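Asks: Take this structure, written in structure tokens, and hold onto it; I'll ask about it next.
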Amino acid sequence: MTPRPSTAAIVRVWAGSLVRWPLARRTAPGLRHSAATRQLVVVMAVTEVVTAVVLSSVLPPAVRPVHALCELLLVLAGLGLVAALLRHPHTVDDAQVVVRTGFLGEVALPRSAVRSSAPVIRTVPGRGPRPVPGEPGAVACSVGASLNVALRLDPPVRLDLGRLGRLDATTLYASVDSPSALAAALRARVSARPAPGT
């Protein structure tokens, strides 16, 4: 498990994703997540551009360059956040299932321990990998508080949540744009494995 990185590491992820995003000919392979967060940030960035233009017209000319620089940094930060989420999707392969937040850490689970996925409607306060209050053995890994899928783990997976402690996880809650696509990816990997003795 990768816990929440430092602020400097988050800025590096945002900046690197923002630079690579327009250069990539296609999106990173995997399962997209955090659509609501991405859409909200894009709307806020567009609104900020319009507001900045209007505000700049009433500011004294001497202040406009500083204002423009601050607005540019703010808009780039928002677009960097969106790019980081798009460039760091969840992945499923034969060895592991990796649930990512884009820039707040990730959880890698042994593929053999992920028994099923089910759609849920759940809210867990906080961001990044964190224990679920009131549910022993449950961990949430997401950018926001809203979660829409639960992965059932058997055997339990020991996760080190850094300063939040260690626990044996039996359920991992996450956010994914398409819970059915995640379920299909998990089923495909199971069916692709050779039968024992072949």
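Asks: Between A140, A150, A113, where does the largest GNM mean-square fluctuation fall for the chain, given springs only between Cα atoms within less than 10 Å?
Replies: Result for the chain, Cα springs under 10 Å: A113 fluctuates most.
Asks: I'd like to know which of C70, P136, L167 lies farthest towards the positive end of the charge dipole of the chain, counting +1 on Cβ of Lys and Arg and -1 on Cβ of Asp and Glu.
Replies: Of the candidates, L167 comes out farthest on the positive side.
Asks: A further question on this structure: Roll a 1.4 angstrom probe over the protein heavy atoms and tell me the percent of accessible area of the chain that is carbon or sulfur.
Replies: Carbon plus sulfur share of accessible area: 63 percent.
Asks: Can I ask one more? Once both labels are modelled 7 Å past Cα along the beta-carbon direction, what's the S146-A95 spacing in nm?
Replies: Here the modelled spin labels are 3.5 nm apart.
Asks: I would also like to ask the following. Quote the relative contact order of the range 1-115 in percent (integer), defining contacts as alpha-carbon pairs under 8 Å separated by 6+ residues.
Replies: 38
Asks: Next up: Is any helix in the chain, taking whole DSSP H runs, at least 27 angstrom long along its axis by alpha carbon and on average at least 0.5 on the Kyte-Doolittle scale, and which ones?
Replies: What comes out of the filter, once short or polar helices are dropped, is 35-58, 64-87.
Asks: Moving on to the next point. Looking only at R152, R163, R100, which one moves most when the chain is put into a Gaussian network model with springs between Cα atoms under 10 Å?
Replies: R163
Asks: Between R115 and A15, what FRET efficiency follows from the Cβ-Cβ distance if R0 is 45 Å, with the result rounded to 0.05?
Replies: The formula returns an efficiency of 0.75 here.
Asks: Something else: I'd like the Kirkwood hydrodynamic radius of the chain, using the inverse of the mean 1/r over distinct C-alpha pairs, in Å.
Replies: Every distinct Cα pair counted, the radius reaches 18.4 Å.
Asks: Please report the antiparallel percentage of the DSSP beta bridges confined to the chain, to the nearest 5.
Replies: Antiparallel bridges make up about 90 percent of those DSSP assigns within the chain.
Asks: Once you put a point 7 Å from the Cα of L74 and another 7 Å from the Cα of E48, both along the Cβ direction, what distance in nm separates them?
Replies: Rounded to a tenth, the inter-label distance reads 0.7 nm.
Asks: Leaving out ligands and nucleic acids, note down the accessible area per residue over the range 90-198 with a 1.4 angstrom probe, in whole Å².
Replies: With all protein chains present, the range 90-198 gives 49 Å² per residue.
Asks: Taking θ = phi - 60°, what integer Hz values does the Karplus form 6.51 cos²θ - 1.76 cosθ + 1.60 yield along the range 139-148, in sequence order, with x for Gly and Pro?
Replies: Per residue, the Karplus-derived 3J(HN,Hα) values read 10, 10, 9, 6, 7, x, 7, 7, 10, 10 Hz.
Asks: Counting only the backbone N, which residues of the range 81-116 are under 14 Å from the spot 7 Å out from the Cα of R187 toward its beta-carbon?
Replies: Label zone hits: 116.
The values are calculated or read from the model by the stated rules, or taken from the named source; none is laboratory data. Quick caveat, the model's predicted, so the values are computed rather than measured. All Cβ positions, glycine included, derive from the backbone under ideal geometry; neighbour counts span all protein chains shown. For accessibility, only protein heavy atoms count, side chains too; no ligands or nucleic acids. Shrake-Rupley method; radii C 1.70, N 1.55, O 1.52, S 1.80 Å.
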